[in-house]
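Note sheet for the following structure.
Any read-out appearing in this document is the output of simple, stated calculations on the displayed coordinates, not a laboratory observation. Everything numeric in this text was worked out from a predicted model, so none of it was measured. In this analysis, Cβ positions are derived from the backbone assuming ideal geometry, glycine residues included, and neighbour counts consider all displayed protein chains.
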Amino acid sequence: MASEAIPANRNGNLRSDQTKEKLILAAERLMGERGIEAVALREITAAAGQRNSNVIQYHFGDRLGLLDAIFEYRARQIDPIRRAMMEEARAQGRLDDVKTLLRLAMEPEFVIYRREGTLDYVRLMVHYMLYLRPRGVPHPFDRNSPWSMSLHEVFSLLHQRLSHLPTARFYFRASILDTMLFSTLLAISQREGDGEEPLEVLLEDTLEMMAAAICAPPWYGAS
């Protein structure tokens, strides 16, 4: 087989890295289609073309380890896009603008979708935000992964811009915003090819709507 000719690289076994990538992409696709907990690990193993039934446990430990690896895999792709956008926004003096900050949070995932033409990661994240994150399943963002630091900076700047909100209320809105980001990407992408409005127009309209929503004054009940 051709893969037998792949040499080891200086950081480890290249063949092992390729196996992990196959497992990550297969898991992302199946979990995105059917739900993170609805797919048996053996199905992922088979979809990745692996015959060793313990290959996921060997590389990732368990299902949550595999999920974390998917997050890291995508974060490594998304972070450079976000950093480049941030540098451009900084040079233009726009990092105090709420819509710009929301764009920095949202658009890099949209870029990945446009580049790869797949909704697998977006679907996976919608499921994660709705069902697993509320149960305390962490994201690399929570442990300050190096590949999430640009997103941390975005939310820090957004928090400064929305200083009129109490901290607890800001983080409550931010948690809703996270879910909205991926649900909106899914909704926008499903409009592809409907002939009505370009996806970029729908993205801009969504950012305007979200900026208005997150800037709304806090409500504590009727006086």
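What is the magnitude of the charge dipole of the stretch 1-124 about its Cα centre, with +1 placed on the Cβ of each Lys and Arg, -1 on the Cβ of each Asp and Glu, and no other charges, expressed in debye to the nearest 20?
Result for the stretch 1-124 is approximately 160 debye, rounded to the nearest 20.
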So the angle from the long Cα axis of helix 167-189 to the longest Cα principal axis of the chain, reported in degrees to the nearest 10, equals 60
Final fewest-first order of ASP97, ASP62 on the 10 Å Cβ neighbour count is ASP62, ASP97
For the chain, longest principal axis from Cα atoms; helix 199-214 axis from its Cα atoms; angle between them, nearest 10 degrees, is 60
Helix-only [θ] at 222 nm, the chain, -39500 (n - 2.57) per DSSP H run of 4+, per residue, nearest 500, equals -21000 deg cm²/dmol
Where a ≥ b ≥ c are root eigenvalues of the Cα gyration tensor, a/c under 1.5 meaning rounded, otherwise prolate if a/b exceeds b/c and oblate otherwise, the stretch 70-214 counts as rounded
Note to self: C-alpha centroids of the stretch 37-67 and the stretch 85-131 sit apart, in Å, by 29
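Compute the FRET efficiency between ALA38 and GLN190 as 1/(1 + (r/R0)^6), taking r as their Cβ-Cβ distance and R0 = 25 Å, and round to the nearest 0.05. Please report the intermediate quantities before stating the final value.
Details: r = 21 Å, r/R0 = 0.84.
With R0 = 25 Å, the Cβ-Cβ based efficiency is 0.75.
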Rounded to the angstrom and largest first, Cα extents along the principal axes for the stretch 130-176 equal 30, 24, 13
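What net charge do the residues around ALA216 carry, taking every other residue with its C-beta under 11 Å from that of ALA216, with Lys and Arg at +1 and Asp and Glu at -1?
+2
By counting other Cβ atoms within 10 Å of each Cβ, how are LYS20, LYS99 ranked from fewest to most?
LYS99, LYS20
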Each label sits 7 Å from Cα toward the beta-carbon; between SER156 and VAL201 the label points are separated, in nm, by 3.9
In degrees, nearest 10, the alpha-carbon axis of helix 14-34 is tilted away from the dominant principal axis of the alpha carbons of the chain by 60
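If r is the Cβ-Cβ distance from THR167 to ASN13 and R0 is 41 Å, what FRET efficiency results, to the nearest 0.05? Intermediate results must be reported in sequence, preceding the final value.
Details: r = 46 Å, r/R0 = 1.12.
After rounding, the FRET efficiency stands at 0.35.
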